[in-house]
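**Q** Here it is: the structure, laid out below.
Just so it is clear, none of the values below were taken in a lab; they were calculated from the coordinates. Bear in mind that the values here come from a model prediction, so they are computed numbers and not experimental data. Don't worry about glycine lacking a Cβ; one is built from the backbone with ideal geometry, like all the others, and counts go over all protein chains shown.
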Amino acid sequence: MDDYYARSTSLEKDFFVKRVSLQEMVLETLKGCARELVGAKASIEFENLDHVVNADAKWMSFILKQIISNSVKYRREDPLKLTFVGEEKAMGYVWK
């Protein structure tokens with residue numbers, strides 16, 4: 001599959017879609033959030049992330065960081081538990 005790149009007049013709207021590993025994307029993002037996660041005493045689980053999907057890795061990482069940051073900030077209990085799950089849908093794999 002080919003890579004796709006869409007450029008707009010705004011930096012926030014630039015997309016570079018390519019094939020990326022769900023697992024690698026999640027692990028790289030978690031590394032960048034390690035300090036927050038250790039402070040939250042987070043436990044992390046993975047399920048079915050061994051798939052390659054079409055995505056913009058930069059923006060997916062940004063979204064994951066926001067979700068992780070909000071999970072740490074608004075957690076109701078200590079320690080925090082995060083679970084990353086890939087799920088196959090009719091249109092391909094998705095993660096939640």
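**Q** Can you list the lysines whose alpha carbon sits under 28 Å from that of Lys18, skipping same-chain ones fewer than 8 residues off?
**A** Straight-line reach from Lys18, under 28 Å: Lys31, Lys58, Lys65, Lys89, Lys96.
**Q** For segment 23-96, what is the charge dipole size about the Cα centre, in debye to the nearest 20, if Lys and Arg each add +1 at the Cβ and Asp and Glu each add -1 at the Cβ?
**A** Details: 11 positive and 11 negative charges, 86 e Å.
Computed about the Cα centre, the dipole is about 420 debye.
**Q** Let me ask something additional. In square nanometres, what is one fourth of the surface area of the convex hull spanned by the alpha carbons of segment 19-96?
**A** Numbers: hull surface 20.0 nm².
Mean projected area for segment 19-96: 5.0 nm², to one decimal.
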